[in-house]
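The structure under discussion appears below in the form of structure tokens.
Bear in mind that the values in this text are calculations on the coordinates, not laboratory data. From a predicted model like this one, the values you see are computed outputs, not experimental measurements. Every residue, glycine as well, gets a Cβ built from its backbone with ideal geometry; the counts of neighbours run over all protein chains shown.
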Amino acid sequence: MMPRDVPCHDYFYSLKNVSFCAFHPRDHRYMGFITKHPQLHRFACHVFMGCESTRPVAEAVGRAFQRFYTKFIETAYPIEDIYIE
């Protein structure tokens, strides 16, 4: 069990709170993303180093975010077809 004075993760961030994700342009072993807390004005930067290129991971997160955002826009702002005769 961890002591109470040791900081720990108090929230797991969801994809909708990711504001940036990228891999390092010269050394693809490094990738990172920035997340926003859903209620508080807090941000966290997560940086990872892989044994090989992290580019596929960063690109997969980007594709997942794009799909999420597209679905969010379709749901939040539905477009209704209006026919005028």
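Dimensions of the chain along the principal axes, based on C-alpha atoms and rounded to the nearest Å, stand at 69, 37, 21, largest first.
Summing Lys and Arg as +1 and Asp and Glu as -1 over all other residues whose Cβ lies under 12 Å from the Cβ of residue 52 gives a net charge of +1. Loop by DSSP (not H, G, I, E, B), at most 16 other beta-carbon atoms within 10 Å: where is the longest site-free stretch of the chain for trypsin sites (Lys or Arg not before Pro)? The reported range is 43-85. Net charge around residue 19, counting only other residues with Cβ within less than 14 Å of its Cβ (Lys, Arg = +1; Asp, Glu = -1)? Charge balance near residue 19 sits at +3. Every helix of 4 or more DSSP H residues in the chain counts as -39500 (n - 2.57), and over all residues that averages to -9000 deg cm²/dmol at 222 nm.
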